[in-house]
1. State which residue is nearest to Ala439 (Cα to Cα) when the search covers only the range 301-313 and only residues that are assigned to a helix (DSSP H, G or I) and not small (Gly, Ala, Ser).
2. Testing Arg525 on (1) at pLDDT below 95; (2) within 30 Å of Gly454 (Cβ to Cβ); (3) not polar (S, T, N, Q), one condition comes back false. Which one is that?
3. Could you grab me the full set of residues in the range 314-338 that are among the polar types (S, T, N, Q) and either surrounded by fewer than 18 Cβ atoms within 10 Å (Cβ to Cβ) or not in a helix (DSSP H, G or I) (or both)?
4. Across the range 198-233, which residue is surrounded by the most Cβ atoms within 10 Å (Cβ to Cβ) among those that are of a type in the set (A, V, I, L, M, F, W, C) and over 25 Å from Arg249 (Cα atoms)?
5. Just checking, does the range 536-545 include any residue being modelled with pLDDT of 90 or more, in a loop (DSSP other than H, G, I, E, B), touching a helix residue (DSSP H, G or I) at 6+ places or on another chain (Cβ under 9 Å) and charged (D, E, K, R)?
6. Could you figure out which of (1) surrounded by fewer than 18 Cβ atoms within 10 Å (Cβ to Cβ); (2) over 20 Å from Phe603 (Cβ atoms); (3) of a type in the set (A, V, I, L, M) isn't true of Leu407?
7. Select from the range 203-251 the residues that are modelled with pLDDT under 90 and not in a loop (DSSP other than H, G, I, E, B) and list them in ascending order.
8. For Val50, are the conditions met, namely being without any contact (Cβ under 8 Å) to a residue 40 or more places away in the chain and under 34 Å from the mean Cα position of the chain (by Cα)?
Amino acid sequence: MPSSFNFNHPPFDCLSPKERKLVQDTVDIAYYPKDAVILNPDMPATHVHVVIKGHVQHMEAGEVVSVYGPEDFFAARAAMAGRTTSVLTALDEVITYQLPQATLRDLVASNSRFSALLFADMSRRLSAVSEGNKSREFLSLMMVKVRDAFIRKPFFVDGNTDLVSLCAQLSERGLTNALVNDNDANGQPRVGMFTTTDLRDALLRPTPPNALPVRDVARFDLIAVTPDTELFDALLVMIRHRVHRVLVREGDAILGVLTQLDLMSFISNHSHIIALQVQQANTVDELQAAAQQMDGLIALLHNGGVKIEVISTLVSELNSQIFARLWGMLAPPELAANSCLMVMGSEGRGEQILKTDQDNALILRDGFEFPELEALAQRFNEALATFGYPPCPGHIMLTNPLWRQPLAGYKTTIADWLLGSHPDGPMHLAIFMDARAVAGDTDLLRQAHNHLRGLFGGSDALLARFAGAVEQFSEPGTWWDRLTTLRGRDEQSFDLKKLGTFPIVHGIRALALEHQLDALRTTERIHLLATKEHLDAALARDLVDALQFLMGLKLKNNLRQRQMGTTPHNLVKLSELGTLERDLLKDSLAIIKRFKQHLHIHFKLEAL
């Protein structure tokens, strides 16, 4: 019996020691010469195969649907059913492990995740892949609830308590903060918080501490989470609002206080350190040191099995703080107050994970002028480049005058993109539609977005022209047909952005524009479209699954490229994908094809 069966590849990596022994005790080796028929409808299907050497062609209804190579498995469904409608042929000399039907059925019956990886639909298969990571200590820490962390019991004081008396009580109890019960100007109850930081500021006041009531120095704009909030989401709240403590509320009841230090005892990553370094940075060099830790954090999260959407959300929050902090260091107050700094494209949507390129712009208040703006824009983009954010190849940055204009100039430019004949018009519109403000007067961007939506004015022709960009990167024929030969399989690469995520992102963007949705993140747009019944619920679910799979595959590929010392890019070699990854990629392409058909009918793209 072969003792070298590789259990490191899915779905066999999820087997228990007892199940692995069953495999080792029953697996055998089979040999097939070139052109041999391994299985066809006239033959009983008695085994699932795992390729050791060679390549196997899988044909269904006269068409090649896949080519299997070393470490790939095939004929699992056929073995469960005992028959097949497919023809599997050896393209060259083939050697496989053979796992008997009885063993396969025992494994399926005893291991639900193994079964899901083999036979479930895309959503359940993705869930099964994710489930395998939950056994890792890192993920188990990330997914616990706030109620499972250490919540400090609330200590309340009356708002009229003077600071000296309060500090005596805190010292007696070994505390550094207290909750303050008080009433607002209208006599309505309110709860505030007093910390030792507030004491520092209070000592600078002319009123003696023993005569200063705590209500005068406490903060009443408190942030709260529920006990069922996931700990990682609580961390995001702290980072987003730049606070170190949050209330834990269940309805009207205050259960206690969750501090960042207590939270970090549960979450073994250093995202809080990056956020603190960003907030405390006083120089560009200090900010650069914080920004350059981002890739290490991303790799840690990915290796820990954290969901791709959680990673992208955290990265988006930290990136926004880095951009805003840098802008605050470089831009004089009068410029910051009369402009809106924004990020666009995937960064604007919160879907850029590893640093790929810069997509940033600036809107100036009409009538405001700043003569040194060109030089400042140069310093801003150059600083981001030293932080690890490469310059945009399409020059969609502050250094390009097109992307630093007064509001009136943007309105004229947007109209030209929409109504003119410029070939980049539709894509510039798409990039700008995903703009998100990170610093300055956010109302400037809101006005520009409202102007963009108003120009469409419900015009079916303009919406169709915009949506038609979904076919910008389409290629003739069925893409997967290129795997019909061994040579094609070994050399073929797939563009995960142009052929994968872009059709989903842009198609959903067009539907969001049609229905005047404010959301930026693609998954949020999808959920809103489905909730408002503008998109079929089943298709919406499949699109989310496909997008998250493609984003995860891109991140995995980019991390591997970076580890090899190459610049991350969007191409993935199919020969580097396992059977499950190729199957999920095929499923994703089928979903994209179905979505494009929906868009063609909905926007009448054939009439363009």
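The values are calculated or read from the model by the stated rules, or taken from the named source; none is laboratory data. Note that the structure is a prediction, hence the values are computed from the model and not measured. When we count neighbours, we look across all protein chains shown, and the Cβ atoms used for this are built from the backbone with ideal geometry, even at glycine.
1. Thr313
2. With respect to (1) at pLDDT below 95; (2) within 30 Å of Gly454 (Cβ to Cβ); (3) not polar (S, T, N, Q), Arg525 is out only on (1).
3. Across the range 314-338, the qualifying residue is only Asn338.
4. Only one residue tops the list, namely Leu212.
5. Yes: the range 536-545 contains one or more residues that are modelled with pLDDT of 90 or more, in a loop (DSSP other than H, G, I, E, B), touching a helix residue (DSSP H, G or I) at 6+ places or on another chain (Cβ under 9 Å) and charged (D, E, K, R).
6. (1) is the only condition that Leu407 fails.
7. Listed by number, the residues that qualify are Glu230, Leu231, Phe232, Asp233, Ala234, Leu235, Leu236, Val237, Met238, Ile239, Arg240, His241.
8. Here the answer is no, as Val50 does not meet what is asked.
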